[in-house]
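> There's a structure below that I have some questions on.
Every number in this text was worked out from the coordinates using simple rules, so none of it is lab data. Given the structure is predicted, the values throughout are model-derived calculations rather than measurements. With ideal geometry, Cβ positions are generated from the backbone for all residues, glycine too; neighbour counts draw on all protein chains shown.
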Amino acid sequence: MGDGKASIYNVISLVFLALTILVIVFVISRLAGPPVQKPDPVGVLPTAGVLPSLTPTAIPTTGLPPTFTFTPTDTLTPTTTLTPTPSPSIAPPTATITETPGPTETPTITPTPSISPTPLPTETPTGPTPTLAPTQNPYLFELRQQQVILTQNFANTAGCAWQGLGGQVFNNEGTPLDGLKIHVFGTNFDRIVDSGTNSLYGPGGWEIPVDNKISAQTYYVELMSPGGTVVSDRIPVTFPSDCARNVALVNFIQTRAT
């Protein structure tokens, strides 16, 4: 049964194929043949129309309104022109007014100055003047007895052929201190020694020679801690070039614990 349907479909396909071939052959034959001659169309011209001729009609002259002619009646007459009268060129002289100064005004009464207020006296406080507290020394040590003592050489047998500085160092209880550094310097001179290195000046004593003759030189002395921190003011010492005062005693004392 299936084969019967397939046969029908095959027949239909063959029919359509044959028709397609016929159409193609027809189209090719038409294209290959001579073109078809079409007859020339004969045109018929329309008949020209005749326009009717216009006959001019005469315009009647009767019955029109009459024509008026304008005739001027008044004639303008020119008026008389006025001639200006010349004015005199020289004006009459005018009178000159001389200003006369008036009387001088008398000054009025001079005002009296007002009374200036007298300032009240400032009250002066009574009682004793308060005493300012002394400024605390920023250093822990200061010069003992507040002075440098100049004396004759007693520390050696050089006599006047020697000049130097010496002294002692004390704590705030008056006990001599060893191990602190004394720095002496001046022009072309700089030297450091420890306290307690020269007992000729007493416990905690020190000495620094500065010259082998007497001279008027100035030196500076300062006390330093064992670590090298300055703990006193810088004390100036000036020698008088005197054999009786060629040793300068510089003693330091501690003023507070810290």
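> Provide the net charge surrounding Val247, with neighbours chosen by a C-beta distance below 15 Å and charges set as Lys +1, Arg +1, Asp -1, Glu -1.
My count for the surroundings of Val247 gives -1.
> Can you tell me the equivalent ellipsoid semi-axes for the range 141-254? Use √(5λ) from the Cα gyration tensor, largest first, whole Å.
On the way: eigenvalues 98, 43, 31 Å².
After scaling each eigenvalue by five and taking roots: 22, 15, 12 Å.
> Please list, in order along the range 184-198, the HN-Hα scalar couplings obtained from phi with the Karplus expression 6.51 cos²θ - 1.76 cosθ + 1.60 (θ = phi - 60°), rounded to whole Hz, x for Gly and Pro.
Working through the residues one at a time gives 10, 8, x, 5, 6, 8, 7, 8, 10, 9, 9, 5, x, 9, 9 Hz.
> Also: What net charge is computed for the residues neighbouring Gly196, neighbours being all others with C-beta under 12 Å from the C-beta of Gly196, Lys and Arg scored +1, Asp and Glu -1?
-2
> Using 0.36 nm times the number of residues separating Asp242 and Ala161, minus their current alpha carbon distance, what extension gain do you get?
28.0 nm
> Sticking with this structure for a sec: Expected output is a single nm value to one decimal: the length gained when fully extending between Ser29 and Asn172, i.e. 0.36 nm times separation in residues minus the C-alpha distance. What is it?
36.3 nm
> Simple spin-label model, 7 Å along Cα-to-Cβ: Asp190 to Asp211 in nm?
Roughly 2.1 nm, to one decimal.
> Quick one: net charge around Val184, please, counting Lys, Arg +1 and Asp, Glu -1 for every other residue with C-beta under 15 Å from its C-beta.
Every neighbour counted, the sum reads -3.
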